[in-house]
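J.: Here it is, the structure, as structure tokens.
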Amino acid sequence: MNDKTLAEIAGWMDQGLWGRGLAERYTSFVDQKVAAIFNSVAHDSDLVLIATGGYGRRELAPFSDIDIMFFAESRKNAGAAEKVLYRLWDEKLDISHAFRTPKESIEEAFSDIRTRTALLEARYLAGSRRLYELFRKDVYPVVALRKQKQFVAEKLKEREKRHISTGDSVYLLEPQVKEGDGGLRDVHAVLWLARVVFRIEDLCGLSAIIPGHDHKRFLDAYDFMIQARYCLHSESKRQNDILSFEYQRAVAARLGFCDSKKFSGAERMMRYYYLKGRIIRDISHAVMVICSRQYAPVFRDFSKKKINDNFSLSGGKLIARNEAVFAGHSEKIMEAFYYLSRIDKKFSNRLSEQIRESLPRINRRTRSISAAVYHFREIMKGSRVYETLREMHESGVLGRFIPEFGALRSLVVHEAYHMYTVDEHTLLAIRNLERLRTTTVKSLEALKEIILGMEQLEVLFLSILFHDIGKAVGKHHEEEGYKRLKSIMERLNMPPDKRLRIEFLVRNHVLMSRIAMTREIDDPEVIALFAEAVGDRENLKAIYLITYADMSAVNPQFWNAWKSSLLWELFERTSMHLSGSGGVKRSRDAAAFFPGKTAMQKEFSLFLNAMPDRYLLSTIDARLKEDFLLHQKASAQGTAVRIDDRQDGIAEIVICTSDAPGLFSRIVGFLSMKKLNIVHGRIYTGKNGIVIDKISISNWKDVWWDGLEHDIINGLEEAVIKRKDIQLPGLKHESHGLFDAFAEIDNESSDIYTLVEIFSQDRIGLLYDISKVFYQKGVDVASARINTEAGLAQDIFSVRSGSGKLDHEAALDILRDLWHIVKN
């Protein structure tokens, strides 16, 4: 794709070509070029050139692969096909090709589902018309009509896997326009299934199975997705189908979305994208259900059962007993959702329409009607909270009943690591919290036990529902959300005890994660402050569950073994503090560690007395003995290294040596060079110059190979003993410029340490460069929390200068150097 062609495509868009029309114009443009080359090279050969896949359905995007198939009765024409192929490559065309005979076409179609779907969209390009008719007569019917049930099943399974791999939601902040939920591939899947099941050849033919209004909406949404993909390819100048932050503003401008007083053009475009994506998702799902029913026996329930005077069960669906059920009684809409939450059935299509038609009736009066409030609160106590709230949100009822939540619909807020819109994040957090009650995941057993022991589940679900309502206003959303809770709590008539707990959880929903990720949990001062904030064990259990739900809904990878272990340790230590035990009592009697070895007992006692109190508090007895033996080894050879592989997948590298300037910097530099992801570092310096550094690695299992431990141990010993300077390439991840880098110093949160927080685009060697600044300024690092995800680094260091915290002048001096590092 050259600049001239891109300019020509831009000209077509300026002329008003849109969606399918634009794709067809560009496809015809490529057709002419490909056919001309074929005719100039192989016009007299017994060969036909067929467009397949996206090229076959006339949906080429600027940087799409051009899928072609050479079709012949035998392999003797492969030479002519090869000549054509070389000429196409000479013209810089991105060709994806195959050569097949009739027999090979059928065999490959039934051995590879992707080949079969590509052949379903075969289209004549050039060459022998006789051979193309042979393909349509002898090959296409076999590919399209045999093993239909298997094809439908495989396509449905493929769709599910595809959605999971791309985020499993329409409401992604950086959606996959082609493969994602509600993307172009869902449209393609509908067409493939309709061809096989109903012999429908094109999208216009779908009107036979989709109501007219939905058919038009579906085609309009399809057009928008094609246009968005065209703009994305044109802006990124490559085959790129992820509508990332980097390109959203430019794509929005190409699509004609301008800034308004409240939203940027990019935000307005994304809201429109979600609307169109949802249309594709819902209608494609409905078509797939229709197609799958052709091959699966459907149990038709003709029974009718009265639920109350307003609603009945009929044909396995919840229906209204009369057409005017909501007229003058808007509170009955919430009653319908209450029964939806209690009965494992769905609304009938007509009841769903009645609810949508009655949305304007949900107003300030409805929100204060006791029956509506009662049914809403009962929903939050049931066993189908997520499913019911999802249906309420999709229908528009939730936003009308709780306007504070309605302000979050499709709201794009750019926060580090977040993958979903604010409303979608909230609903997924509720889903994850609810799933804890039935989970079989071993790592979540402790959380499951806690939630099953909770009596006020309504409080938990309401707290999650409201935890981000402040984001509709902007920054400091915890405080803003807390302010908006007053009127909600009054409308819902919440009892004082529940109200106080909900307010506490909304106001402090990031408190536990912030402490776990930024502070040293083995510091008694930190535990005491957190315990004082939560007040009692019920609040502690509730905030632990809320923290899990919130973090697990940030993105599918955000909740991991490392974060889980940090939060569990914080929960356990705080729980013991609140119960008055103050922590685990440990014996430090040397005789218990080395019975019958008097000399070893004496040396062990000297070792314990030399180490700082925080080391003794944070180290279990088994590790104390291992660390002492490592110290013995280091005393003999200068440096000793041990690697502890934990059950949660985290490896801890322990280095024991004598204290020396720049020690921590050299260690993290060497580990960074080995592509190890450092998530935590603790440095313990004894009175006699002993240093024990403990570095936690999160990706140990991912990078492990036979011999890695030996390589790391030898390399570390050499880096420490020979004091080699580390040279690392300053490679940055792609930057989208949404998150401002910063370096901040906190001298208030800890009595003995200065906390230094850094947020920056990640790169190899960043941690090494930061630690080198501390070394050059004579600052000692006591511990480090390292969080690196999605190309971003958020690191917190506990440091001291001499015997105390940094003074004002030293803090400013270090900030200047750190600012230079994070900005460059």
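The values are calculated or read from the model by the stated rules, or taken from the named source; none is laboratory data. Bear in mind that the values here come from a model prediction, so they are computed numbers and not experimental data. With ideal geometry, Cβ positions are generated from the backbone for all residues, glycine too; neighbour counts draw on all protein chains shown. Surface areas here come from the heavy atoms of the whole protein model, side chains and all, with no ligands, DNA or RNA. Shrake-Rupley method; radii C 1.70, N 1.55, O 1.52, S 1.80 Å.
J.: Here are labelled values, (i) 59; (ii) 43; (iii) 51, and one is the computed percent of Cα pairs over 44 Å apart for what I pasted. Which one?
T.: It is the value labelled (ii).
J.: In sequence order, what are the phi-derived ³J(HN,Hα) couplings for the range 95-111 according to the Karplus relation 6.51 cos²θ - 1.76 cosθ + 1.60 with θ = phi - 60°, rounded to whole Hz, with x for glycine and proline?
T.: For the range 95-111, the Karplus-derived couplings read 8, 10, 10, 8, 10, 9, 8, x, 5, 5, 4, 5, 4, 5, 5, 8, 9 Hz, x marking Gly and Pro.
J.: Computing the accessible area with a 1.4 Å probe over protein heavy atoms, can you report the carbon and sulfur percentage for the chain?
T.: Carbon and sulfur together cover 49 percent of it.
J.: Then there is this: Run the Debye formula on the Cα coordinates of the range 1-108, all scatterers equal and no solvent, and tell me log10 I(q)/I(0) at q = 0.11 1/Å.
T.: Rounded to two decimals, the profile gives -0.38.
J.: Now for a different question. Ranked highest first by average number of other Cβ atoms within 10 Å, how do 545-552, 3-10 line up?
T.: With the highest mean Cβ count within 10 Å placed first, the list reads 545-552, 3-10.
J.: Rounded to the nearest 10 Å², what accessible area does SER665 have for a 1.4 Å probe in the complete protein model?
T.: Its heavy atoms expose roughly 10 Å² to the probe.
J.: Could you give each residue of the range 412-425 its phi-based ³J(HN,Hα) in whole Hz, using Karplus coefficients 6.51, -1.76, 1.60 with θ = phi - 60°, and x for Gly or Pro?
T.: Working through the residues one at a time gives 9, 10, 7, 10, 4, 6, 6, 10, 10, 5, 5, 5, 5, 4 Hz.
J.: Okay, moving on. Which pairs in the list LYS563/LYS694; LYS237/LYS823; LYS675/LYS777; LYS103/LYS147; LYS602/LYS694; LYS381/LYS563 are over 22 Å apart, alpha-carbon to alpha-carbon?
T.: Distance filter (> 22 Å) returns LYS237/LYS823; LYS675/LYS777; LYS602/LYS694; LYS381/LYS563.
J.: Can you list residues from other chains, or at least 5 along the same chain, whose modelled amide H is less than 5 Å from the amide H of SER128?
T.: Placed amide hydrogens put LEU47, VAL48, LEU49 under 5 Å from SER128.
J.: Please report, in debye to the nearest 20, how large the charge dipole of the range 501-629 is about its Cα centre when each Lys and Arg carries +1 at its beta carbon and each Asp and Glu carries -1 there.
T.: With only Lys, Arg, Asp and Glu charged at Cβ, the dipole is about 160 debye.
J.: Taking LYS262 as the anchor, which lysines have their alpha carbon closer than 19 Å to its alpha carbon, excluding any fewer than eight residues away along the same chain?
T.: Counting by Cα, and skipping residues close in sequence, LYS262 has these lysines nearby: LYS471, LYS475.
J.: What residues have an amide H closer than 5 Å to that of PHE99, excluding those fewer than 5 places away on the same chain, when H is modeled at 1.01 Å from N in the peptide plane?
T.: Long-range HN contacts for PHE99: PHE70.
J.: Cα gyration tensor of the range 400-515, axes a ≥ b ≥ c as square roots of the eigenvalues: rounded (a/c below 1.5), prolate (a/b > b/c) or oblate?
T.: Oblate, because a/c is 1.5 or more while a/b does not exceed b/c.
J.: Relative contact order for the chain using alpha-carbon pairs under 8 Å, separation at least 6, rounded to a whole percent?
T.: Rounded, it is 6 percent for the chain.
J.: What residues qualify as long-range amide H neighbours of SER783, i.e. H under 5 Å apart, gap of 5 or more or another chain, H built at 1.01 Å from N?
T.: Long-range HN contacts for SER783: ILE683, SER798.
J.: May I pose another question? How large is ³J(HN,Hα) for each residue in the range 528-533, as worked out from phi by the Karplus curve 6.51 cos²θ - 1.76 cosθ + 1.60 (θ = phi - 60°), to whole Hz, x for Gly and Pro?
T.: After applying 6.51 cos²θ - 1.76 cosθ + 1.60, I find 4, 5, 5, 4, 5, 5 Hz.
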